[in-house]
Amino acid sequence: MDPAFAGMTEIGISVGMIRQLTYAALFLFASAAIAGPSCTLIADAQTGAVLVQQGPCEQRNSPASTFKVALALMGYQSGILLDAHLPLWPYRSHYKSWDADFKKKPTDPTAWLKESVVWYSRLLVQHTGRAGLQASVDGFDYGNRDISGTPGFKETLPEAVWVDSSLQISPVEQVAFLRKIVNRELPSVSPQTYDKVAEVMPAFGAGGWAVHGKTGSGFQPGGIGKGRRQYGWFVGWAIKDKRTILFARLDKDDARRDDIAGIRVRDEFLAALPNLVRRGR
């Protein structure tokens, strides 16, 4: 027996128990290593007062699919998107999208946001054009407003600058953008556009709160292949009684995960939301 364990066995702790405690400690250490730097930001929609702020919330990050909220505003305001179910665009094999196979089907605006379909976003941007996209991100004052794209990557249009590319936004800026949507304060956006965007935003329930939010997932800079670490977003607004709050949650993993970060962040935030709001009053 290892002399280091001898005294412990004399007081009733077996070697097997020590091994079990060691394995448990290693498991807890490994689990803790997964949770990376995160921000949770909740604000009152009417006053803008911050109710909850946890973690680094002023650091910019790629918006990933949370940018679809801005794209929906652009699409409806320009008339490219018509309502919750039009246009219904078919998937074409030459799109060569990285979407999962179940997303490669005829898709309307509701399914686009619910299933977070990348190829639909790309088509929308193609119809919008570079000038239209730049005018919109400027008008929305969206993050760093940079749609120049990834250096060294040639593209005729900035078709995915919101995914691990030049466009960046912080949780603080996400909440400021969402507040302008909820309070209908964006320049040159019609009441009908706000109504249509609200209709297609994915909806969830959380302790009596009616939550409208969009996920986003991507990979942090650095790392290669399967060793790359994810980040995950969940942003939007929630309504209960006559109260509306805004939220942005961003997690950055410290280790590789096989799940989808945005979905994980969404589910964790929805579970925590009622208690977070109570503590933030």
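The values are calculated or read from the model by the stated rules, or taken from the named source; none is laboratory data. Quantities reported herein were computed from a predicted structural model and do not represent experimental measurements. Every residue, glycine among them, receives a Cβ derived from its backbone with ideal geometry; neighbour counts consider all protein chains shown. Calculation scope for accessible area: heavy atoms of the full protein, side chains included, ligands and nucleic acids excluded. Shrake-Rupley method; radii C 1.70, N 1.55, O 1.52, S 1.80 Å.
Details
- Amide H partners (placed H, <5 Å) of Gln230, local residues excluded: Gln220, Asp253, Arg257
- With all protein chains modelled, accessible area of Trp98 [1.4 Å, Å²]: 140 Å²
- Estimated inter-spin distance, Asp141 and Asp267, nm [label 7 Å along Cα→Cβ]: 3.7 nm
- Placing Asp101, Asp259 in order of accessible area, with the largest value first and a 1.4 Å probe, yields Asp101, Asp259.
- Backbone HN-Hα couplings from phi across the stretch 72-78 [Karplus 6.51/-1.76/1.60, Hz, Gly and Pro as x]: 5, 4, 4, x, 6, 5, 7
- In summary, the lysines within cross-link reach of Lys96, defined as a Cα separation below 20 angstrom excluding same-chain residues under 8 places away, comprise Lys68, Lys104, Lys105, Lys154.
- Of the whole protein surface, His127 contributes about 120 Å² of accessible area at a 1.4 Å probe radius.
- Backbone amide hydrogens, once placed in the peptide plane, bring Gln168 within less than 5 Å of Asn144, Arg145, Asp146, excluding anything fewer than 5 places away on its chain.
- Inter-label distance, nm, simple model (7 Å from Cα along the C-beta direction), Ala49/Glu185: 1.6 nm
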